Every structure is written in C-alpha cells, then in structure tokens.
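Derivation of every value follows stated rules applied to the coordinates shown; laboratory data play no part. The structure displayed is predicted, hence computed values, not measured ones. All Cβ positions, even for glycine, are placed from backbone atoms using ideal geometry, and neighbour counts span all protein chains on display.
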Amino acid sequence: MLDRKKRRDIVKAKKRLLVAYLGLLVISGIWKEWIPLDIPPRENQETAILGTSKSDSDRARVRYLDTAVEGRDEQPVLVLLHGSPMASEVFDEVVLLLQDRFRVVVPDLPGFGRSEREVDDYSIAAHSDYLASLLNVLEIEQCHIIGYGMGGGVALEYSVRYPHKARSLVLVSSIGLQEYKLLGDYTLNHTLHAAQLFCIWSIDWLVPHFGWLDRMRLNKRYARNFYDTDQRPL
C-alpha cells in the first residue's frame with residue numbers, strides 16, 4: 001500500500017493537471033471567441049458579401065470561383081455545388097475540363113472551405129438563398145447546375161424556387177428522399193444528427209484546441225449542415 005506522503009503527492013499532481021487543463025480550456029475558449037478564424041481565399045477565388053431571404057442581418061462572406069472571360073458572354077453558365085464536408089476544391093480538375101466551353105461558377109457554401117464559418121442557418125434551404133444572392137450579384141439570369149452530395153439538395157431547392165433560372169439540373173451522388181437516408185424517418189434521423197452535433201460540440205468545447213478543430217472538415221459546421229437540413233420536402 002502507498003504511504004501517506006505518496007498519496008498526497010499523487011493528489012497534488014492530479015490537482016496540478018486539473019488546473020493546467022482548466023487553464024488551457026479557458027485560454028482556448030477566449031482564443032476562439034476573440035481571434036476569429038479567417039481563412040484567406042484561394043488564389044483564383046473572389047469574395048462577395050451575401051444575405052438570405054430570411055434576414056438581411058444574416059450576411060456571410062462567400063468565396064467563389066468565376067471563370068468568366070471578357071468577350072465570351074455567349075458561354076452558358078455552369079454552377080458546381082460541392083457536398084459536405086468538402087468544399088469547392090473537389091471540382092478543380094472538372095473546372096479545367098469545362099472552362100473552355102462554359103462560364104463556370106463554383107462557390108464555397110457558408111460554413112465550408114474559405115467562406116464564412118459562423119452563420120445562423122447551415123441548411124440546404126439557406127444555402128439555396130446564398131446561391132440565389134450570389135447569382136444576382138454576378139447578374140446571371142440562367143444557369144445549368146450540378147449538385148454533388150449535399151450540394152444536390154441545394155440544387156434541388158434552388159431549381160424549385162427559381163425554375164425559370166435553372167436551365168438544367170444534374171445530381172451526382174446527391175442526397176434525396178428522406179426514406180432512403182439512414183433510418184428512413186425524419187425524427188429518428190434528426191435525433192442521430194443531434195447526437196452527432198452534441199459529440200462534436202462537446203469535443204470543440206472540452207478539448208483545448210485554440211481553433212485548430214475549426215480548420216478540420218468534420219467540425220460543428222459540418223454537423224449543423226445535416227442537423228439544420230430537412231430532407232422531407234425533397
């Protein structure tokens with residue numbers, strides 16, 4: 001058995017570790033709140049400040065690629081929408097193959113890539129609003145849309161709201177009918193997504209990471225994307 005002195009030393013060591021952990025946790029929390037994550041755009045990206053139809057206050061900085069070339073106004077516009085948790089770079093090789101025939105527009109949807117990370121709503125409905133706002137800024141009246149993964153849900157939302165603007169729709173490995181997603185029921189799936197969000201949120205706040213986790217793909221924005229999205233209308 002340990003003698004009394006050794007037991008006291010062990011207790012002191014545990015207290016020091018606890019104090020160090022709590023100190024790092026507090027500093028990490030302050031760091032995340034007061035030093036916001038600001039990832040600069042990629043070399044070929046532009047920036048727009050966009051809002052949604054819900055509220056003008058819910059504005060977000062959105063990075064996007066636009067291959068428009070002066071003198072080629074006759075080119076059809078092709079919008080590429082990424083899935084979750086990836087971002088626009090998933091289309092880099094595709095853009096190289098298509099940019100001679102199309103004006104290609106590829107946004108980083110809010111919460112992903114180099115765009116704004118903190119927004120009120122990460123659902124496909126909100127992302128559809130941001131897409132509509134971006135196309136208005138770019139003065140694009142009609143476009144073809146390719147939606148990949150979760151981006152397919154955004155493409156569907158946009159094409160239903162603006163059928164006169166979406167000339168064609170291509171869904172690649174897209175999300176779709178609620179009954180074919182996970183457990184097939186909205187309430188059960190929503191509960192699973194809530195559990196996922198809680199786990200990621202717990203790690204975010206119980207592990208001192210000084211913003212490092214915010215740079216990873218599987219973060220709370222990724223979880224919110226699924227949690228905020230209602231697939232029943234699809």
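Looking at region 167-234, which chymotrypsin sites (Phe, Trp or Tyr not before Pro) are DSSP coil and have at most 16 other C-beta atoms within 10 Å of their C-beta?
Passing both the DSSP loop test and the Cβ count: PHE210, TRP212.
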Handout entry: Crossing angle, helix 186-206 versus the chain [Cα axis fit, 0-90 degrees, rounded to tens]
Key = 50
Problem - For the chain, calculated [θ]222 nm from helices alone, where every DSSP H run of n ≥ 4 adds -39500 (n - 2.57) - result: -13500 deg cm²/dmol
Handout entry: Packing-based order for 126-134, 114-122, 150-158, 63-71, using average beta carbon neighbours within 10 Å, highest first
Key = 150-158, 126-134, 114-122, 63-71
Practice task
Name the long-range amide H neighbours of LYS181: under 5 Å, sequence gap of 5 or more, or other chain; modelled H, no Pro or chain starts.
Solution key: none
Fill in the blank from the handout: Quick calc: nm separation of the 7 Å Cα→Cβ label points for GLU70 and LEU192 -> 5.2
